[in-house]
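The values are calculated or read from the model by the stated rules, or taken from the named source; none is laboratory data. As the structure is a prediction and not an experimental result, all values here were calculated from the model. We place every Cβ from the backbone using ideal geometry, glycine too, and count neighbours over all the protein chains shown. All accessible areas refer to the heavy atoms of the entire protein, side chains included, with ligands and DNA or RNA removed. Shrake-Rupley method; radii C 1.70, N 1.55, O 1.52, S 1.80 Å.
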Amino acid sequence: MDYNDFRELKTNHIEEANIILGSANYDLSCSCGSGTSHAPKKLKELSRYLPPFDANFHNLEKVKIYDYCEVSPSSSKEKFYQELEEKAHEILKYNKFMLFFGGDHSISMPLEKAFYEKYHRMGLTPVIIHIDAHMDILDEYMGSKTSHACPNRRAIENGYQETDIHMVGIRSYEKGEVEFKEKNPKLQVITADLFRELGAKEVVKMIKEKHDKKAVYYLSFDIDAIDPSYAPGTGTPETFGLTPLQMREFFKEVFTNLNVMAMDLVEISPLLDVNDITSWLGLKLLYEIFYQKFVSCLLYTSDAADEL
(Lines give C-alpha, C1' and ligand atoms only; values in the text may rest on other atoms or scores of the structure.)
Protein backbone atom coordinates (compact mmCIF):
# COMPACT_ATOMS: atom_id res chain seq x y z
CA MET A 1 0.00 0.00 0.00
CA ASP A 2 1.50 3.32 -1.07
CA TYR A 3 0.01 5.57 1.60
CA ASN A 4 1.61 8.14 3.88
CA ASP A 5 1.00 8.23 7.61
CA PHE A 6 -2.61 9.35 8.21
CA ARG A 7 -3.35 9.14 4.48
CA GLU A 8 -5.71 11.94 3.42
CA LEU A 9 -5.39 13.65 6.78
CA LYS A 10 -1.66 14.32 6.41
CA THR A 11 -0.42 17.74 5.32
CA ASN A 12 3.09 18.97 4.64
CA HIS A 13 2.07 22.59 5.24
CA ILE A 14 1.78 23.58 8.88
CA GLU A 15 -0.45 26.55 8.11
CA GLU A 16 -3.09 24.13 6.74
CA ALA A 17 -3.04 21.93 9.83
CA ASN A 18 -5.72 21.66 12.48
CA ILE A 19 -3.51 19.32 14.51
CA ILE A 20 0.23 19.50 15.12
CA LEU A 21 1.61 16.12 16.09
CA GLY A 22 4.67 15.35 18.17
CA SER A 23 6.15 12.00 19.16
CA ALA A 24 7.97 11.14 22.37
CA ASN A 25 9.80 7.87 21.86
CA TYR A 26 10.41 7.23 25.53
CA ASP A 27 9.88 4.55 28.16
CA LEU A 28 12.75 5.04 30.60
CA SER A 29 10.33 6.04 33.39
CA CYS A 30 8.23 2.88 33.28
CA SER A 31 8.01 0.87 36.49
CA CYS A 32 6.65 -2.39 35.11
CA GLY A 33 6.30 -3.50 31.49
CA SER A 34 8.14 -1.34 28.96
CA GLY A 35 8.00 -0.92 25.19
CA THR A 36 6.02 2.33 24.98
CA SER A 37 8.89 4.00 23.10
CA HIS A 38 7.79 1.96 20.07
CA ALA A 39 4.22 3.27 20.11
CA PRO A 40 4.58 6.46 18.01
CA LYS A 41 6.11 4.53 15.13
CA LYS A 42 3.50 1.78 15.35
CA LEU A 43 0.59 4.22 15.51
CA LYS A 44 1.83 6.06 12.43
CA GLU A 45 2.39 2.82 10.52
CA LEU A 46 -1.12 1.57 11.28
CA SER A 47 -2.64 4.94 10.40
CA ARG A 48 -1.70 4.26 6.77
CA TYR A 49 -4.47 1.65 6.68
CA LEU A 50 -7.20 3.86 8.17
CA PRO A 51 -9.55 5.55 5.69
CA PRO A 52 -10.59 9.10 6.63
CA PHE A 53 -13.92 8.25 8.27
CA ASP A 54 -15.18 7.76 11.79
CA ALA A 55 -17.49 4.90 12.78
CA ASN A 56 -20.60 6.61 11.38
CA PHE A 57 -19.77 7.59 7.79
CA HIS A 58 -18.45 11.04 8.76
CA ASN A 59 -15.72 12.17 6.40
CA LEU A 60 -12.63 13.47 8.18
CA GLU A 61 -10.74 14.84 5.19
CA LYS A 62 -11.10 18.42 6.46
CA VAL A 63 -8.92 17.43 9.41
CA LYS A 64 -5.26 18.01 8.61
CA ILE A 65 -2.34 16.70 10.66
CA TYR A 66 1.17 18.11 10.48
CA ASP A 67 3.89 15.84 11.88
CA TYR A 68 6.14 18.32 13.66
CA CYS A 69 8.77 16.37 15.59
CA GLU A 70 10.09 13.19 17.15
CA VAL A 71 11.89 13.48 20.47
CA SER A 72 14.01 10.58 21.71
CA PRO A 73 16.24 10.25 24.80
CA SER A 74 19.84 11.27 24.35
CA SER A 75 22.36 11.56 27.16
CA SER A 76 20.01 12.06 30.12
CA LYS A 77 16.38 12.14 31.21
CA GLU A 78 16.71 15.81 32.07
CA LYS A 79 17.78 16.73 28.53
CA PHE A 80 14.96 14.67 27.07
CA TYR A 81 12.30 16.41 29.17
CA GLN A 82 13.88 19.78 28.40
CA GLU A 83 13.78 19.15 24.66
CA LEU A 84 10.22 17.89 24.89
CA GLU A 85 9.13 21.01 26.74
CA GLU A 86 10.86 23.21 24.17
CA LYS A 87 9.08 21.43 21.32
CA ALA A 88 5.75 21.86 23.09
CA HIS A 89 6.37 25.60 23.46
CA GLU A 90 7.14 25.80 19.74
CA ILE A 91 3.97 23.94 18.78
CA LEU A 92 1.74 25.93 21.13
CA LYS A 93 2.83 29.17 19.46
CA TYR A 94 0.82 28.13 16.39
CA ASN A 95 -2.44 28.21 18.40
CA LYS A 96 -3.53 24.90 16.95
CA PHE A 97 -4.47 21.62 18.60
CA MET A 98 -1.38 19.92 20.03
CA LEU A 99 -1.31 16.10 20.02
CA PHE A 100 1.55 14.00 21.35
CA PHE A 101 2.11 10.27 21.03
CA GLY A 102 3.98 8.65 23.92
CA GLY A 103 5.86 7.09 25.34
CA ASP A 104 5.21 6.44 29.01
CA HIS A 105 3.12 8.80 31.08
CA SER A 106 6.09 10.82 32.29
CA ILE A 107 6.07 12.66 28.95
CA SER A 108 3.01 14.55 30.19
CA MET A 109 5.10 16.44 32.73
CA PRO A 110 6.98 18.78 30.33
CA LEU A 111 3.99 18.97 27.96
CA GLU A 112 1.58 20.02 30.70
CA LYS A 113 4.15 22.49 32.02
CA ALA A 114 4.41 24.19 28.62
CA PHE A 115 0.62 24.16 28.30
CA TYR A 116 0.23 25.80 31.71
CA GLU A 117 2.76 28.52 30.98
CA LYS A 118 1.18 29.45 27.65
CA TYR A 119 -2.42 29.70 28.78
CA HIS A 120 -1.70 31.11 32.24
CA ARG A 121 0.10 34.02 30.55
CA MET A 122 -3.05 34.57 28.49
CA GLY A 123 -5.15 34.95 31.64
CA LEU A 124 -6.86 31.60 31.14
CA THR A 125 -7.16 28.65 33.53
CA PRO A 126 -5.23 25.55 32.40
CA VAL A 127 -7.02 22.36 33.47
CA ILE A 128 -5.91 18.72 33.24
CA ILE A 129 -8.22 15.79 32.54
CA HIS A 130 -6.15 12.76 33.48
CA ILE A 131 -7.71 9.57 32.09
CA ASP A 132 -6.00 6.60 33.68
CA ALA A 133 -6.28 3.53 35.88
CA HIS A 134 -3.87 5.25 38.28
CA MET A 135 -3.81 8.61 40.04
CA ASP A 136 -0.14 9.22 39.13
CA ILE A 137 0.24 11.67 41.97
CA LEU A 138 3.17 10.24 43.94
CA ASP A 139 6.02 12.57 44.85
CA GLU A 140 8.41 9.84 43.75
CA TYR A 141 8.22 6.19 42.83
CA MET A 142 11.03 3.64 42.94
CA GLY A 143 13.36 6.50 43.83
CA SER A 144 12.40 8.68 40.84
CA LYS A 145 10.51 11.98 40.75
CA THR A 146 10.09 11.59 36.99
CA SER A 147 8.40 8.19 37.20
CA HIS A 148 5.26 7.68 35.16
CA ALA A 149 3.54 7.53 38.58
CA CYS A 150 4.33 11.22 39.26
CA PRO A 151 2.97 13.54 36.51
CA ASN A 152 0.05 14.97 38.50
CA ARG A 153 2.30 15.76 41.46
CA ARG A 154 4.70 17.58 39.14
CA ALA A 155 1.73 19.41 37.59
CA ILE A 156 0.82 20.87 40.98
CA GLU A 157 4.42 21.98 41.47
CA ASN A 158 4.32 23.62 38.03
CA GLY A 159 1.31 25.80 38.88
CA TYR A 160 -1.87 23.75 38.46
CA GLN A 161 -4.28 24.05 41.38
CA GLU A 162 -5.81 20.98 43.04
CA THR A 163 -9.18 21.99 41.61
CA ASP A 164 -7.67 22.05 38.11
CA ILE A 165 -6.82 18.32 37.98
CA HIS A 166 -9.54 15.78 37.24
CA MET A 167 -8.66 12.08 37.36
CA VAL A 168 -11.03 9.74 35.51
CA GLY A 169 -11.19 5.94 35.37
CA ILE A 170 -9.12 5.40 38.50
CA ARG A 171 -9.05 1.99 40.18
CA SER A 172 -5.53 1.34 41.52
CA TYR A 173 -3.78 3.19 44.36
CA GLU A 174 -0.44 3.40 46.08
CA LYS A 175 -0.60 4.18 49.79
CA GLY A 176 1.14 7.50 49.26
CA GLU A 177 -1.52 8.53 46.74
CA VAL A 178 -4.34 7.72 49.13
CA GLU A 179 -2.66 9.73 51.87
CA PHE A 180 -2.10 12.69 49.52
CA LYS A 181 -5.74 12.60 48.39
CA GLU A 182 -6.93 12.60 52.01
CA LYS A 183 -4.81 15.70 52.70
CA ASN A 184 -5.98 17.38 49.47
CA PRO A 185 -9.72 16.69 49.24
CA LYS A 186 -10.28 19.20 46.44
CA LEU A 187 -8.66 16.81 43.98
CA GLN A 188 -11.43 15.29 41.87
CA VAL A 189 -11.08 11.54 41.49
CA ILE A 190 -13.74 9.75 39.44
CA THR A 191 -13.19 6.05 39.85
CA ALA A 192 -14.08 3.59 37.12
CA ASP A 193 -16.98 2.36 39.27
CA LEU A 194 -18.27 5.90 39.78
CA PHE A 195 -17.96 6.55 36.04
CA ARG A 196 -20.13 3.52 35.31
CA GLU A 197 -22.67 4.64 37.90
CA LEU A 198 -22.95 8.23 36.64
CA GLY A 199 -22.32 7.87 32.90
CA ALA A 200 -20.16 10.00 30.63
CA LYS A 201 -22.55 12.94 30.35
CA GLU A 202 -22.78 13.43 34.10
CA VAL A 203 -19.03 13.03 34.59
CA VAL A 204 -18.29 15.78 32.06
CA LYS A 205 -20.96 17.95 33.66
CA MET A 206 -19.19 17.52 37.02
CA ILE A 207 -15.90 18.62 35.48
CA LYS A 208 -17.41 21.58 33.65
CA GLU A 209 -19.20 22.88 36.73
CA LYS A 210 -15.86 23.27 38.52
CA HIS A 211 -14.69 25.95 36.06
CA ASP A 212 -15.74 29.15 34.35
CA LYS A 213 -15.44 30.08 30.69
CA LYS A 214 -11.73 30.85 31.08
CA ALA A 215 -10.89 27.16 31.44
CA VAL A 216 -8.78 25.53 28.72
CA TYR A 217 -8.16 21.81 28.93
CA TYR A 218 -5.24 19.44 28.47
CA LEU A 219 -6.42 15.84 28.08
CA SER A 220 -3.93 13.16 29.06
CA PHE A 221 -5.10 9.74 27.92
CA ASP A 222 -3.40 6.66 29.35
CA ILE A 223 -4.63 3.62 27.44
CA ASP A 224 -4.75 1.59 30.66
CA ALA A 225 -7.89 3.48 31.64
CA ILE A 226 -9.54 0.96 29.33
CA ASP A 227 -9.93 -2.58 30.62
CA PRO A 228 -7.02 -4.85 29.58
CA SER A 229 -9.47 -7.27 27.99
CA TYR A 230 -9.75 -4.58 25.28
CA ALA A 231 -6.30 -3.01 25.61
CA PRO A 232 -3.74 -5.64 26.68
CA GLY A 233 -0.76 -3.84 25.17
CA THR A 234 0.24 -1.74 28.15
CA GLY A 235 2.81 -2.09 30.90
CA THR A 236 0.53 -1.73 33.94
CA PRO A 237 -2.79 -3.40 33.05
CA GLU A 238 -5.54 -3.03 35.65
CA THR A 239 -8.76 -4.99 35.50
CA PHE A 240 -12.26 -3.50 36.12
CA GLY A 241 -11.58 -0.76 33.58
CA LEU A 242 -13.75 1.19 31.17
CA THR A 243 -14.88 -0.15 27.81
CA PRO A 244 -14.02 1.39 24.42
CA LEU A 245 -17.67 2.43 23.99
CA GLN A 246 -17.70 4.18 27.37
CA MET A 247 -14.50 5.98 26.43
CA ARG A 248 -15.90 7.01 23.06
CA GLU A 249 -18.99 8.44 24.76
CA PHE A 250 -16.80 10.28 27.26
CA PHE A 251 -14.71 11.82 24.50
CA LYS A 252 -17.86 12.87 22.68
CA GLU A 253 -19.08 14.73 25.76
CA VAL A 254 -15.65 16.21 26.53
CA PHE A 255 -15.02 17.58 23.06
CA THR A 256 -18.58 18.83 22.68
CA ASN A 257 -18.65 20.70 25.98
CA LEU A 258 -15.09 21.64 26.90
CA ASN A 259 -12.38 23.71 25.24
CA VAL A 260 -9.69 21.03 24.83
CA MET A 261 -6.59 22.45 23.13
CA ALA A 262 -4.04 19.69 23.67
CA MET A 263 -3.78 16.01 24.47
CA ASP A 264 -1.43 13.09 24.71
CA LEU A 265 -1.93 9.37 24.11
CA VAL A 266 0.42 7.34 26.30
CA GLU A 267 1.35 3.92 27.68
CA ILE A 268 0.62 1.85 24.57
CA SER A 269 3.29 -0.85 24.34
CA PRO A 270 3.37 -2.62 20.97
CA LEU A 271 5.84 -5.12 22.43
CA LEU A 272 3.19 -6.31 24.91
CA ASP A 273 0.24 -6.17 22.50
CA VAL A 274 -1.79 -8.86 20.74
CA ASN A 275 -2.33 -8.36 17.00
CA ASP A 276 -1.87 -4.58 17.53
CA ILE A 277 -5.40 -4.32 18.99
CA THR A 278 -4.35 -1.75 21.60
CA SER A 279 -2.73 0.49 18.99
CA TRP A 280 -5.76 0.11 16.73
CA LEU A 281 -8.03 1.06 19.63
CA GLY A 282 -6.01 4.18 20.36
CA LEU A 283 -6.16 5.25 16.73
CA LYS A 284 -9.87 4.59 16.34
CA LEU A 285 -10.64 6.62 19.44
CA LEU A 286 -8.49 9.45 18.08
CA TYR A 287 -10.52 9.46 14.87
CA GLU A 288 -13.70 9.77 16.92
CA ILE A 289 -12.09 12.73 18.69
CA PHE A 290 -11.13 14.29 15.35
CA TYR A 291 -14.76 14.18 14.29
CA GLN A 292 -16.05 15.78 17.50
CA LYS A 293 -13.33 18.44 17.65
CA PHE A 294 -13.03 19.48 14.03
CA VAL A 295 -15.91 18.15 11.89
CA SER A 296 -19.16 17.93 13.84
CA CYS A 297 -19.39 21.72 14.20
CA LEU A 298 -19.50 22.02 10.41
CA LEU A 299 -22.86 20.29 10.40
CA TYR A 300 -24.39 23.11 12.44
CA THR A 301 -22.51 26.35 11.82
CA SER A 302 -21.02 28.01 8.80
CA ASP A 303 -18.79 30.12 11.06
CA ALA A 304 -16.94 27.07 12.24
CA ALA A 305 -16.20 26.12 8.66
CA ASP A 306 -14.23 29.33 8.24
CA GLU A 307 -11.97 28.30 11.13
CA LEU A 308 -10.92 25.02 9.49
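Here's the list of lysines a cross-link from K96 could span, going by alpha-carbon distance under 16 Å and ignoring same-chain residues fewer than 8 apart: K10, K62, K64, K87, K118, K293.
Each part reduced to its alpha carbon centroid, segment 65-91 and segment 173-223 end up 28 Å apart.
With the gyration tensor restricted to C-alpha atoms of segment 47-103, the semi-axes of the equivalent ellipsoid amount to 30, 14, 8 Å, longest first.
By accessible area, using a 1.4 Å probe on protein heavy atoms only, segment 1-114 has 44% of its surface on carbon and sulfur. Taking each DSSP H run with n ≥ 4 as -39500 (n - 2.57) and averaging over every residue of the chain yields -10000 deg cm²/dmol at 222 nm.
Rounded to the nearest 20 debye, the dipole magnitude of segment 123-262 is 480 debye, with +1 charges on Lys and Arg beta carbons, -1 on Asp and Glu beta carbons, and the Cα centre as origin.
The convex hull of the Cα atoms of segment 81-181, projected and averaged over all directions, covers 6.6 nm². Within a straight-line Cα-Cα reach of under 14 Å, K42 can be paired with the following aspartates and glutamates, leaving aside sequence neighbours fewer than 8 residues apart in one chain: D5, E70, E267, D273, D276.
Simple spin-label estimate for K93 and K186 gives 3.4 nm between the two label positions (7 Å along the Cα-to-Cβ direction from each Cα).
Heavy atoms of the protein chains alone define the surface here; on that basis segment 108-247 has 42 Å² accessible area per residue at 1.4 Å probe size. Taking 7 Å steps out from each Cα toward its Cβ at E209 and M142 produces label points 4.0 nm apart. Rolled with a 1.4 Å probe across the full set of protein chains, the surface gives Y94 an accessible area near 100 Å².
Note that segment 163-269 carries a Kirkwood radius of 14.6 Å, evaluated over its alpha carbons pair by pair. Gyration tensor analysis over the Cα atoms of segment 75-139 returns equivalent ellipsoid semi-axes of 19, 17, 11 Å (largest first, whole Å). Across segment 30-155, Cα-Cα pairs more than 20 Å apart make up 53 percent of the total. Computed from point charges on the beta carbon alone (+1 for Lys and Arg, -1 for Asp and Glu), the dipole magnitude for the chain about its Cα centre is near 460 Debye. The alpha carbons of the chain stretch over 49, 41, 38 Å along the principal axes, in descending order. Just check segment 145-188 against the gyration tensor rule for me: Cα atoms, a ≥ b ≥ c as the square roots of the eigenvalues, rounded for a/c under 1.5, and otherwise prolate or oblate depending on whether a/b exceeds b/c. Rounded, since a/c falls under 1.5.
Bridging of K210 to aspartates and glutamates at a Cα separation below 12 Å is possible for E162, D164, once same-chain residues fewer than 8 apart are set aside. Our estimate of slack between E16 and T239, defined as 0.36 nm per intervening residue step minus the Cα-Cα distance, is 76.1 nm. Using a probe of 1.4 Å on the protein chains alone, the accessible area found for R48 is around 90 Å².
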